[in-house]
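For reference, the structure discussed in these notes is given below.
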Amino acid sequence: MQQKPIVAIAGATGAQGGGLARAILKDPESPFAVRALTRDPASPRAQELARLGAEVVAADVDQPESVAEAFEGAYAAYCVTFYWDHFSPEKEVAQASAMAHAAKKAGLGHVIWSTLEDTRQFVPLQDGRMPTLMGRYKVPHFDSKAEADAIFAELGLPVTYLVTSFYWDNFIHSGLGPVRDDSGRLVLTLPVADAKLPGIAAADIGGCAYGILRRGAEFHGARVGVASEHLTGADMAAGLAEAVGEPVEYRPMPPAVFRQLGFPHADDLGNMFQVFAEFSEAFCRARDTRLSRELNPDMLSFRQWVEIHRGRIPVA
């Protein structure tokens, strides 16, 4: 029997990579096999992928030789970095470079690079509407990914630039969910005013990547933005209210206030939300919900996502 082409997935135990791995493994008609890259093949998430049929291999994006070895013999690769592990734009670019060069060395037929916009195209460094961070960024975790785009292009790779959206999972894991005010009322606070925010369940990004891989050369060199819905803060508050079974009020917060909340990298996120709010039309236009659902017909709406995760959304 001829072996299926292998998709090597960086960050296979994370949200995006795990979503792609499961989309492939759970499709009985999938044309691909999965090679799951992880720093710890013995972890429960890695072992779960192995049980589903993945080849699990040890690889660390901070060790370029391990990535090169893991990409060898594959047809395609999914390349993703996780800024919040280290908070270093320089490290993020170095990790992207390691994956891009490994893909070039392996002669891959398709590379998907999970990226974001360079926010400095919207708000130049000298623009005082928001602070410049680390001396050269407006939103470091966006801008560093955007800088890495050039590496994939310069190497002449058959790359698709997959532009992601706000994770609804942030309402579970990042402290952005509704909290009670002094009167006991649940309040959702986001610094996006009344702007629409492109959003998606993190795992569904992987499902969109699977759709791109299935269509292959059609997306070589393309920039594909994915989102399930474009929602206002009030829209999301209404959906969360259904999940928790009581009213949730949306109260916008000025980004400048958000930046001063005191938790690590509040300034980075505050700048991000300000860019989302002020340039909502451009961010939504870059993320086509119709195409996203074409690529991933099983993609969840926000209401479906909150219904599934209602027990995991913390309510103080």
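The values are calculated or read from the model by the stated rules, or taken from the named source; none is laboratory data. Since we're looking at a predicted model, the values are computed, not measured. Glycine also receives a Cβ, built like all others from the backbone with ideal geometry; neighbour counts cover every protein chain displayed. Protein only, heavy atoms only, side chains kept; ligands, DNA and RNA dropped before computing areas. Shrake-Rupley method; radii C 1.70, N 1.55, O 1.52, S 1.80 Å.
Take the Cα gyration tensor of the chain, multiply each eigenvalue by 5, square-root it, and list the three semi-axes largest first, rounded to whole angstrom.
33, 23, 18
Taking a ≥ b ≥ c as the square roots of the Cα gyration tensor eigenvalues, with a/c under 1.5 meaning rounded and otherwise prolate when a/b beats b/c, else oblate, which class fits the range 100-248?
Oblate shape, in that a/c is at least 1.5 and b/c is the bigger or equal ratio.
Can you tell me how the range 203-316 classifies by the Cα gyration tensor, rounded, prolate or oblate, using a/c under 1.5 as the rounded cut?
Oblate, because a/c is 1.5 or more while a/b does not exceed b/c.
May I ask you to give the percent of accessible area on the range 183-223 that is carbon plus sulfur, with a probe radius of 1.4 Å?
Ligands and nucleic acids excluded, carbon and sulfur reach 48 percent.
Determine the dipole magnitude for the range 173-235: charges of +1 sit on the beta-carbon of Lys and Arg, -1 on that of Asp and Glu, nothing else is charged, the reference point is the Cα centre, and the result goes in debye to the nearest 20.
240 debye
For the range 100-162, evaluate the Debye formula with one uniform point scatterer on each Cα (no solvent term) and list log10 I(q)/I(0) at q = 0.19, 0.20, 0.26 Å⁻¹, rounded to two decimals.
Per q value, in the given order, log10 I(q)/I(0) is -0.70, -0.74, -1.00.
Ignoring ligands, DNA and RNA, what percent of the accessible area of the range 236-316 is carbon or sulfur (1.4 Å)?
Using a 1.4 Å probe with all protein chains present, the range 236-316 comes out at 55 percent carbon and sulfur.
Report the one residue of ASN170, PRO64, SER30 whose Cα lies farthest in the direction of the positive end of the charge dipole of the chain (charges on C-beta: Lys and Arg +1, Asp and Glu -1; origin at the Cα centre).
Positive-end residue among those listed: SER30.
How many lysine pairs in the chain, separated by 8 or more positions in sequence or lying on different chains, have Cα atoms less than 27 Å apart?
11
Compute the signed sum of charges (Lys and Arg +1, Asp and Glu -1) over the other residues within less than 13 Å, Cβ to Cβ, of GLU65.
Net of charged neighbours comes to -3.
Calculated FRET efficiency, ASP194 and ARG312, Cβ-Cβ r, R0 22 Å, to nearest 0.05?
Efficiency, from the Cβ-Cβ distance: 0.20.
What number comes out for the charge environment of PRO131, summing +1 per Lys or Arg and -1 per Asp or Glu over other residues with Cβ under 15 Å away?
0
Residue-wise, which Karplus ³J(HN,Hα) couplings in Hz belong to the range 90-106, taking 6.51 cos²θ - 1.76 cosθ + 1.60, θ = phi - 60°, and x for glycine or proline?
4, 5, 4, 5, 5, 5, 4, 4, 4, 5, 5, 5, 5, 5, 5, 4, 7
So for the pair ARG51, GLU29, with labels modelled 7 Å out along Cα→Cβ, what separation do we get in nm?
2.8 nm
Below 13 angstrom from the Cβ of PRO31, what's the summed charge of the other residues (Lys, Arg +1; Asp, Glu -1)?
Within the 13 Å Cβ shell, the charges total +1.
Using a basic spin-label model with each label point 7 Å from the Cα along Cα→Cβ, how many nm lie between LEU291 and GLN63?
Here the answer is 3.8 nm between the modelled labels.
With every protein chain left in place, what is the accessible area per residue of the chain in square angstrom, probe 1.4 Å?
Per residue, the chain has an accessible area of 43 Å².
Can you list the HN-Hα couplings for the range 291-305, worked out from phi with the Karplus curve (6.51, -1.76, 1.60; θ = phi - 60°), rounded to whole Hz and with x for Gly and Pro?
5, 4, 6, 5, 5, 9, x, 8, 4, 7, 6, 4, 5, 5, 5
For the range 54-130, taking Cα atoms only, what is the radius of gyration to one decimal and the Dmax to the nearest whole Å?
Final numbers for Rg and Dmax: 15.3, 50 Å.
What are the residues whose amide H is under 5 Å from the amide H of VAL163, where those residues sit 5 or more places off or on another chain and H is modelled from the backbone?
HN-HN under 5 Å from VAL163: THR115, VAL224, GLY225, VAL226.
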